[in-house]
Amino acid sequence: MKSRTKDKIYIVGFLLIPMVLLALFSYYPLMKLIQLSFTDWNGMSRDLKYIGIRNYQDIFSQKELFQTFGNNMAYVITALIQQIAGLFLAILLNSNIKMKTTFRAILFMPYIINGVAVAFMFNYMYDYSNSPINYILGSLGIEAVHFISNSYMTNFALSFISFWKYVGWTMVIYIAALQSIPGDVYEAARIDGAGFFQTIRYITLPNIKKMLEVSLLLSLNGALQVYFEPFLITKGGPNGRTATFISKSLELAYSYSKYGKAATMGVILLFMILVLVAVQNLFLKGDE
Amino acid sequence: MNQRHLSIILAGTMLAGVITGCGSTESAAPAESQATAQITETEAATADTAETVGALSGTITVASNRTDLEERLAQYAQAFMDENPGTTVEFETIKEYDDVIPTRIAGGEAPDLFYVVDPINQDTYKDYFLPIDDLEFTADDILFYENGRGTDGNLYVLPLTVSYCGMVYNKAAFAKAGVTDIPKTVDEFMDVCDKLDKAGITPVGTAFKDIWPIYAWCGWGEVTLTAGDNRGENKYAQQDEIYDDVMLSSMNIVRELYKKGYLEDDIMSANWDQFKLDLAQGKTAMHYSETWLPAQFVELGADPKDIGMFPFPGAKNIKAGAGKQWGISKDTENPELAKAFLTYMLKNPVADTDIPSNKNIEVNDPFVAELLSYGIEPLEPIVGDATFSNIKNDIELDGQKFFLTYVMEESDEKAAALIAEWNDKWAAARANYIN
């Protein structure tokens, strides 16, 4: 009995702080977001006017808001390529090559650089007249490239920034997964005469499947929520060609003071991500 | 035993922390009512001693966006405090002014003195500002005095500065290209651009990547007043087209400049800082803006004699406009001090390069003098209301961003379709705002 009370105090004592923090900084803002989505708050007034589901009706009637998911697709495609590249690098750097720790550190470095600094740097790289890339192309006699232009490819230019920033992180996750595979399995395979690709196909991939799914989910989630590249570099332009769902909602809040409607977009995106998670879980369960 | 005591103490401390954390909102309430009590006290006190000169006291915070003038602002406040012992005036410089101020207001932490930011307009002045009809100024003293009234008729805000719209140009660049006369019509303007282009100079700088610098070409107020119509943007609240021929004639000039290659090599990467350097050094020749700008080229090292201004080619009038409009927070604890300091700011320009709104202060800005020397009359907008900005926000139109799209659209038909689309939206939304 005594030890049980003690346990209880321990549990309550140690859980209370994280739970309160979680409630304060995650669940309370979430509830507030849902509350705001039913108002026409302008970001300034102290009292809220409830307008029912008008924000939701507005958003579902504005096709152009959902067309921004077309731009998000560029990020989704890049996220998939990022998985392959991350896995490739992980396999490479998990083998016995020289200086692998140095390479890992170099590849992981972009992840710890502040996102705004990264955007600023690429802002310079993508500048038409001052870009070092265009300078090199020019000295090789190749015509300069318009990285930021009127075409859909601009989205890929922007999503490459995420690729560059996060590929090292993906790699680290896969390295961790790879290291959990016991070495003797590989040894046995080698004795049986399995080649490089066969080991990947029959040993590596099945063993890191769980990690693949987690990493993929995180990347897709990130691709849907992306905003800082367009927000900082192109401001969603020209003509919304690089706007993403979130950059559009930020624009609603900051340019037109429609915080209520922006909150509604946040809620809608939340549900879309929940659906994505549910679908992924469904596939997972089906396998088990 | 010891361990149990320890765990109880531990859990107790954590609990206490949480409780105090939650309690802070409760304890904030009495503090606030105390503050209001203080206001009524000060108001009562000032009512009693209104005639007593030099009775000012207290502390106010003034929010400015001029992060570049921090030291100068501190000196400026000190000068006021020396004249009025017992008062404290603090300038707070905020870089992301337009984002920070609304948040501060929403949190009940508005600075005592600040200028109008979105989404505040004539309809909502009364929710954020204190009426200042009782300041010592009238419309005879301050330019754009009447424009500071709210929908309810009270005066809430006043501009400290004014500016005039015109082309800023680099005279050395003009000389290098062999241009001797400034262009007076759009055709002459295009010829000048051609000469500059052939001399290897970028004729017109836009800094389009940063979007806002092109506001003069596509701002409803700027374009309409330059065309000689003093209704400014208020004109559009009365008609079903937000993009009419007047607007398009200005916007199409930039479209033509873009097509002919008279703008920066790649407008999607033409940024403000680079543009300013280029114009200061004569690599770029012209930019359409206002009289607050030329001083910045001189700061960047341009010879003041090389920088000049001329009226927009073909302009019927030069648009005169109010600068930032300053008001006193409704929640200030020291309204008398805030009023005294606003009066001081209206009498003493903050920066040497400011063009004061106070008519009693002599303007000796060489750029203003040059711009007005061409004999085209400045025109002030009429006192407007909030209808225009309300409808524009409703249809989520960002005129500057759309302008970039419009300029970059290669096909004329598609460009016209984009215009028609906004005009349709405008007409539909406007129906809800007119009685």
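The values are calculated or read from the model by the stated rules, or taken from the named source; none is laboratory data. All values derive from a computational prediction rather than experimental measurement. With ideal geometry, Cβ positions are generated from the backbone for all residues, glycine too; neighbour counts draw on all protein chains shown.
Every listed requirement among (1) over 30 Å from B:L56 (Cα atoms); (2) touching a Lys or Arg at 6+ places or on another chain (Cβ under 8 Å) is met by B:N358 save one, (1). Just one of the numbered conditions (1) more than 14 Å from chain B (Cβ to nearest Cβ); (2) more than 25 Å from the chain's Cα centre (by Cα); (3) surrounded by 12 or more Cβ atoms within 10 Å (Cβ to Cβ) is not true of A:G193: (3). So B:I355 fits all but one of (1) in contact with a helix residue (DSSP H, G or I) (Cβ under 7 Å, 6 or more places away or on another chain); (2) more than 30 Å from B:E256 (Cβ to Cβ); (3) not assigned by TED's automatic domain parsing to the domain that holds B:Q122; what number is the exception? All conditions pass for B:I355, except number (3). Here B:R149 clears all of (1) closer than 23 Å to B:I391 by Cα; (2) among the basic types (K, R); (3) surrounded by 21 or more Cβ atoms within 10 Å (Cβ to Cβ) except the condition numbered (3). Working only within segment A:124-140, note down all residues that are within 10 Å of chain B (Cβ to nearest Cβ) and part of a loop (DSSP other than H, G, I, E, B). Passing the criteria: A:Y126, A:D127, A:Y128, A:S129, A:N130, A:S131. Criterion applied to A:F147, A:F163, A:F156, A:F122 was being under 27 Å from the mean Cα position of the chain (by Cα) and free of Cβ contacts under 8 Å to residues at least 40 places away in the same chain, and the one residue passing it is A:F147. Quick check, is B:D98 under 24 Å from B:G58 (Cα atoms) and surrounded by fewer than 15 Cβ atoms within 10 Å (Cβ to Cβ)? Judged against the criteria, B:D98 is not a match. Of all residues in segment B:106-122, those satisfying the criterion of being in contact (Cβ under 8 Å) with a residue 24 or more places away in the chain, within 11 Å of chain A (Cβ to nearest Cβ) and more than 14 Å from the chain's Cα centre (by Cα) are B:G108, B:A110. Do the conditions hold for A:L16, that is, is it modelled with pLDDT of 90 or more and more than 30 Å from A:T154 (Cα to Cα)? The answer is yes for A:L16. Each residue in segment B:124-175 was checked for being within 19 Å of the chain's Cα centre (by Cα), polar (S, T, N, Q) and at pLDDT below 90, and 2 pass. When A:P29 is tested against the conditions (1) out of contact with any strand residue (DSSP E or B) (no Cβ under 8 Å at 6 or more places or on another chain); (2) more than 30 Å from A:T170 (Cβ to Cβ); (3) free of Cβ contacts under 8 Å to residues at least 40 places away in the same chain, the lone failure is (2).
Set side by side, the residues A:T102, A:T78 differ, and just one is exposed (fewer than 15 other Cβ atoms within 10 Å of the Cβ) and away from chain B (no Cβ under 13 Å), which is A:T102.
Once segment B:403-415 is narrowed to residues that are in a helix (DSSP H, G or I) and facing chain A (nearest Cβ under 8 Å), the residue that is surrounded by the fewest Cβ atoms within 10 Å (Cβ to Cβ) is B:T405. Checked against the criterion of being assigned to a helix (DSSP H, G or I) and farther than 17 Å from B:E222 by Cβ, the candidates B:A351, B:A302, B:A369 yield just one match: B:A369. Per the listing A:L269, A:L232, A:L252, the residue uniquely in a helix (DSSP H, G or I) and within 8 Å of another protein chain (Cβ to nearest Cβ) is A:L252.
Annotation: B:T103 fulfils all but one of (1) over 21 Å from the mean Cα position of the chain (by Cα); (2) within 14 Å of chain A (Cβ to nearest Cβ); (3) of a type in the set (S, T, N, Q); the unmet one is (1).
The condition of being crowded, with 20+ Cβ neighbours inside 10 Å, part of a loop (DSSP other than H, G, I, E, B) and either more than 22 Å from the chain's Cα centre (by Cα) or not acidic (D, E) (or both) holds for B:L263.
Residue count for segment A:22-42 satisfying the condition of being at the interface with another protein chain (Cβ under 10 Å from one of its Cβ atoms) and either more than 20 Å from A:S257 (Cβ to Cβ) or touching a Cys at 6+ places or on another chain (Cβ under 6 Å) (or both): 1.
Residue-wise test of (1) in a helix (DSSP H, G or I); (2) touching a residue at least 60 places away in the same chain (Cβ under 8 Å).
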| position | (1), (2) |
| --- | --- |
| B:N230 | no, yes |
| B:K235 | yes, no |
| B:M251 | yes, yes |
| B:K259 | yes, no |
| B:F275 | yes, yes |
| B:L279 | yes, yes |
| B:A285 | no, yes |
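When you scan segment B:186-196, do you find a residue that is farther than 26 Å from B:N390 by Cβ, touching a strand residue (DSSP E or B) at 6+ places or on another chain (Cβ under 7 Å) and not β-branched (V, I, T), even just one? There is at least one residue in segment B:186-196 that is farther than 26 Å from B:N390 by Cβ, touching a strand residue (DSSP E or B) at 6+ places or on another chain (Cβ under 7 Å) and not β-branched (V, I, T).
Just to be sure before I move on: is A:T68 under 24 Å from the mean Cα position of the chain (by Cα), closer than 30 Å to B:D118 by Cβ and buried (at least 16 other Cβ atoms within 10 Å of the Cβ) in the structure I sent? Yes; evaluated as a whole, the condition is true for this residue. One residue stands out in segment B:84-105 among those that are in contact (Cβ under 8 Å) with a residue 12 or more places away in the chain and acidic (D, E): the one that is nearest to B:T124 (Cα to Cα), namely B:D98.
Which residues, counting only those in segment A:43-75, are farther than 27 Å from B:E109 by Cβ, within 13 Å of chain B (Cβ to nearest Cβ) and of a type in the set (S, T, Y)? Answer for segment A:43-75, where residues must be farther than 27 Å from B:E109 by Cβ, within 13 Å of chain B (Cβ to nearest Cβ) and of a type in the set (S, T, Y): just A:S61. Checked against (1) within 14 Å of chain A (Cβ to nearest Cβ); (2) touching a residue at least 40 places away in the same chain (Cβ under 8 Å), B:V383 passes all but a single condition, namely (1). Inspection of segment B:327-336 finds a residue satisfying the criterion of being modelled with pLDDT of 90 or more, over 17 Å from B:Y164 (Cβ atoms) and touching a Ser or Thr at 6+ places or on another chain (Cβ under 6 Å). Note on segment B:237-249: residues that are surrounded by 17 or more Cβ atoms within 10 Å (Cβ to Cβ) and free of Cβ contacts under 8 Å to residues at least 12 places away in the same chain amount to 1.
Summed over segment B:200-228, residues that are among the polar types (S, T, N, Q) and either without any contact (Cβ under 8 Å) to a residue 40 or more places away in the chain or touching a helix residue (DSSP H, G or I) at 6+ places or on another chain (Cβ under 6 Å) (or both) total 2.
Checked against (1) in a helix (DSSP H, G or I); (2) assigned by TED's automatic domain parsing to the domain that holds B:I60; (3) in contact with a helix residue (DSSP H, G or I) (Cβ under 7 Å, 6 or more places away or on another chain), B:Q400 passes all but a single condition, namely (2). When A:A223, A:A243, A:A253, A:A263 are screened for being touching a helix residue (DSSP H, G or I) at 6+ places or on another chain (Cβ under 7 Å), closer than 26 Å to A:A90 by Cα and touching a residue at least 40 places away in the same chain (Cβ under 8 Å), only A:A223 passes.
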